[in-house]
Amino acid sequence: MRSLEQKKYRRLEGAFVAEGPKVVGDLMEVMKPREVFATSQWIEDHAHVLKGTIGSSCIVSEVSDDELRKLSFLQHPQQVLAVFPIPQSSTLPDPDQLILALDGVQDPGNLGTIIRIADWFGIGTIVCSTDTADAYNPKVVQATMGSLSRVHILYMDMTDFIDSLPKGTPVYGTMLDGENIYQKKLEPRGIIVMGNEGKGITPEIAKRLSHKLLIPNYPAGRQTADSLNVAIATAITCAEFRRQQD
């Protein structure tokens, strides 16, 4: 169990850990856990959900609060911890939908928040570069607040992914030399690229953008922070794309 905190063991086992009633509950709606460790109260309250997993390949173990604390990656464990299989899929996303692409986002909290943002704005797929944080890191899983169950995560070489897109697919990216996002006509399809927390979008990917977008500060010209947090910038960008569809 403790080994699953490390990426190499998650890959080896093909499994990840989720904790708390909200995250575990949302994930159980779309996938079957391999193991569940929970307090007697949680098991009693969720007997109707567990009925389909007990006696199958899922092992359900009742644990005390003290035992749960020893298993948990959280400072304050919440009733239940479960081990889920990492989803396996080679299906490429549909470029006629809106897709998020993350170019080297490395902070687990930012990645988890971005997955949650994608869920909120109805973006069903996130394509991650190979150097983006692992979406199944316990910190990421917790930050998604269950949205990991509704957003498809793919890892691949970002240049290969963009180069494979059909001709004419819009590829947007937030850049300091971009056009004002509030004055730009945005299509309800294509790729939105968000870059690394410190370096932004890599030069190789920047060359492949068909539309560069800028989130302007206010008022224009005032000295301010160098940039926005990538998760906040993602939320603002997704909100504007969806607003223009109304």
Note to self: C-alpha centroids of the range 111-145 and the range 165-231 sit apart, in Å, by 19 Å
Counting only protein heavy atoms with a 1.4 Å probe and every protein chain in place, the carbon and sulfur fraction of the accessible surface of the chain in whole percent equals 50 percent
Once Asp160 and Ala47 are pulled to full extension, the length gained, defined as 0.36 nm per residue separation minus their Cα-Cα distance, is 36.1 nm
Per the Kirkwood formula over distinct C-alpha pairs, the hydrodynamic radius of the range 1-88 in angstrom is 13.1 Å
Residue separation between Arg2 and Asp177 times 0.36 nm, minus their alpha-carbon distance, gives in nm 58.5 nm
Stokes-Einstein D for the range 85-207 (37 °C, 0.692 mPa s, Kirkwood Rh from Cα pairs), in µm²/s, comes to 222 µm²/s
At 25 °C and 0.890 mPa s, the Stokes-Einstein diffusion coefficient in µm²/s for the range 1-44, with hydrodynamic radius from the Kirkwood sum on alpha carbon pairs, is 211 µm²/s
At q = 0.19, 0.21, 0.34 Å⁻¹, the log10 of I(q)/I(0) for the range 106-145 from a Debye sum over equal Cα scatterers comes to -0.47, -0.57, -1.18
In cubic angstrom per residue, the convex hull of the range 165-243 built on its Cα atoms measures 99 Å³
One would report the antiparallel percent of DSSP beta bridges in the chain, rounded to the nearest 5, as 30 percent
Measuring from the longest principal axis of the C-alpha atoms of the chain, the long axis of helix 230-243 (C-alpha) lies at a number of degrees, nearest 10, equal to 70 degrees
Rounded to one decimal in nm, the spacing of the 7 Å Cα→Cβ label points at Ile232 and Gln88 is 4.1 nm
Compactness check, the chain: C-alpha Rg relative to the 2.2 N^0.38 Å globular estimate gives 1.12
Per the range 124-189, sqrt(5λ) over the Cα gyration tensor eigenvalues, sorted largest first, in Å, gives 26, 17, 13
For Tyr182 the rounded accessible area (nearest 10 Å², probe 1.4 Å, non-protein molecules ignored) is 120 Å²
Once both label points are put 7 Å beyond Cα along the C-beta direction, the Lys199-Lys22 separation in nm becomes 3.4 nm
Over the range 146-231, with neighbouring protein chains present, the accessible area per residue in Å² at probe 1.4 Å is 57 Å²
Residue-normalised 222 nm signal for the chain, counting each DSSP H run of n ≥ 4 as -39,500 (n - 2.57), nearest 500 deg cm²/dmol, is -8000 deg cm²/dmol
Two pseudo-spin positions, 7 Å from Cα along C-beta at Lys167 and at Thr130, lie apart in nanometres by 2.9 nm
Rounded to the nearest 10 degrees, the helix 108-120 long axis (Cα) sits at an angle to the longest Cα principal axis of the chain of 80 degrees
For Leu74, placing the label point 7 angstrom along Cα-to-beta-carbon and taking the range 21-41, residues whose amide nitrogen sits under 16 Å are 21-28, 36-41
Taking the dipole of the range 168-240 about the Cα centre (Lys, Arg +1; Asp, Glu -1; charges at Cβ), the one of Leu209, Asn229, Thr169 that reaches farthest to the positive side is Thr169
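The values are calculated or read from the model by the stated rules, or taken from the named source; none is laboratory data. No experiment lies behind these values; they were computed from the predicted model shown. Heads up, the Cβs are rebuilt from the backbone with ideal geometry, glycines too, and the neighbour counts pull from every protein chain shown. Keep in mind that these areas ignore ligands, DNA and RNA; they rest on the heavy atoms of the full protein, side chains included. Shrake-Rupley method; radii C 1.70, N 1.55, O 1.52, S 1.80 Å.
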